[in-house]
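Structure, as structure tokens:
Each value in this text was obtained by applying a stated rule to the coordinates, not by laboratory testing. What you see is a predicted model, and the numbers here were worked out from it, not measured in a lab. With ideal geometry, Cβ positions are generated from the backbone for all residues, glycine too; neighbour counts draw on all protein chains shown.
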Amino acid sequence: MKVVVAITGASGVVYGLRLVEVLKELGIETHCVVSKIAKRLIEHEVGGYDLSGMTVYPEDELEAPPSSGSALFDAMVVIPCSMKTLASIANGMASNLITRSADVMIKEGRRLVLVPRETPLSPIHLENMLRLSRAGVTILPAMPAFYQKPKGLGDMVDFIVGKTLDSLGIKNDLYQRWGERVLKVR
Ligand SMILES: Cc1cc2nc3c(=O)[nH]c(=O)nc-3n(C[C@H](O)[C@H](O)[C@H](O)COP(=O)(O)O)c2cc1C
């Protein structure tokens, strides 16, 4: 399996960094794109990052492999996904490597998962999400659940990353599933 992970300039860049870390642990070929603003948010929110050993492209490297359907990526995740990038994808504006790669996934009928992070959501955000959902894109908001009784930020991040992996059909035990909890209680 070959996956593109894009990190954009929404709050919650830790979700994207954690997803990349887990994909690496799982030995899944991962190509990363980090937007210009995401780089600044990474500095601000987590104080830097280490994607050594990963293939990482800047957003303006439009000639990178994910720009073409012929590169045969199986799936793409934009995590976190800013409302600007989401709006661009919803409107077919393939002006950087992130939006072009997403455009490719949609036109090729491959899996695309967006993890938006914004609150509150305007009618424009919601209409863009509906449009994408109708085009077969998975909208997986960065909304951690609480039924698994998270012990801290790490558990909350892993819940969203685990749900994202579920969407890609990648087995993981990053969060406690409801059925498992019921079994443990009994
Ligand atoms: C500190 C900070 C936090 C931001 N948080 C969000 C956010 O949570 N969601 C969002 O949609 N945009 C957020 N933005 C705005 C985006 O960074 C902005 O729209 C940017 O153009 C997104 O570009 P990109 O999608 O190419 O990374 C934030 C900006 C800053 C400076």
| remark: Placing each pseudo-label 7 Å from Cα in the direction of the beta carbon, Thr55 and Ala71 end up separated by a distance in nanometres of 0.6 nm
| task | Using a cut-off of under 19 Å, list every residue of the stretch 19-49 whose amide N is near the label point 7 Å from the Cα of Asp173 along the Cα-to-beta-carbon line. | result | 22-28
| note | For Gly48, the net charge from surrounding residues (Cβ-Cβ under 13 Å; K, R +1; D, E -1) works out to -1
| task | Compute the FRET efficiency between Glu180 and Thr119 as 1/(1 + (r/R0)^6), taking r as their Cβ-Cβ distance and R0 = 25 Å, and round to the nearest 0.05. | result | 0.25
| said: Checking the table Lys24/Lys107; Lys84/Lys149; Lys39/Lys84; Lys2/Lys163; Lys24/Lys171; Lys107/Lys171 against a 21 Å threshold on Cα-Cα, which pairs fail? | reply: Lys24/Lys107; Lys84/Lys149; Lys107/Lys171
| note | Row for the stretch 1-79, column shape: gyration tensor on C-alpha, a ≥ b ≥ c, rounded if a/c < 1.5 i.e. under 1.5, prolate if a/b over b/c, else oblate; value oblate
| query | Going through the stretch 1-96, which GluC sites (Glu not before Pro) have at most 12 other Cβ atoms within 10 Å and a DSSP loop state? | reply | Glu63
| said: I want to make sure I understand the PRE zone here: with the label point 7 angstrom from the Cα of Glu29 toward its beta carbon, which residues in the stretch 76-105 have backbone N atoms less than 19 Å away? | reply: 76-77, 101-102, 104-105
| task | Taking amide H positions as placed in the peptide plane 1.01 Å from N, state which residues far from Val33 in sequence (5 or more) or on other chains have amide H under 5 Å from it. | result | Val5, Ala6, Ile7, Tyr57
| query | What does the helix-only formula give at 222 nm for the chain: each DSSP H stretch with n ≥ 4 adding -39500 (n - 2.57), the total divided by the residues, and the result rounded to the nearest 500 deg cm²/dmol? | reply | -12500 deg cm²/dmol
| message | Mean-square fluctuation check for the chain, GNM, Cα pairs under 10 Å: which of Lys107, Lys24, Lys151 is largest? | response | Lys151
| query | Peptides 136-148, 159-171, 46-58: what's the order by average Cβ count within 10 Å, highest mean first? | reply | 159-171, 136-148, 46-58
| said: Quick check: from the Cα gyration tensor, does the stretch 90-186 come out rounded (a/c under 1.5), prolate or oblate? | reply: prolate
| Dipole of the chain [Lys/Arg +1, Asp/Glu -1 at C-beta], most positive-end residue of Val4, Ile79, Asn96 | Ile79
| Cα gyration tensor category, rounded, prolate or oblate, for the stretch 32-134 with a/c compared to 1.5 | oblate
| Peptides ranked, highest mean first, by Cβ atoms within 10 Å: ranges 122-129, 32-39, 9-16 | 9-16, 32-39, 122-129
| query | Each residue of the stretch 42-54 in turn: what ³J(HN,Hα) in whole Hz from Karplus with 6.51, -1.76, 1.60 and θ = phi - 60°, glycine and Pro shown as x? | reply | 4, 4, 6, 8, 10, x, x, 7, 10, 10, 5, x, 9
| request: Over the Cα atoms of the stretch 2-185, compute the convex hull volume and normalise it per residue, giving Å³. | output: 121 Å³
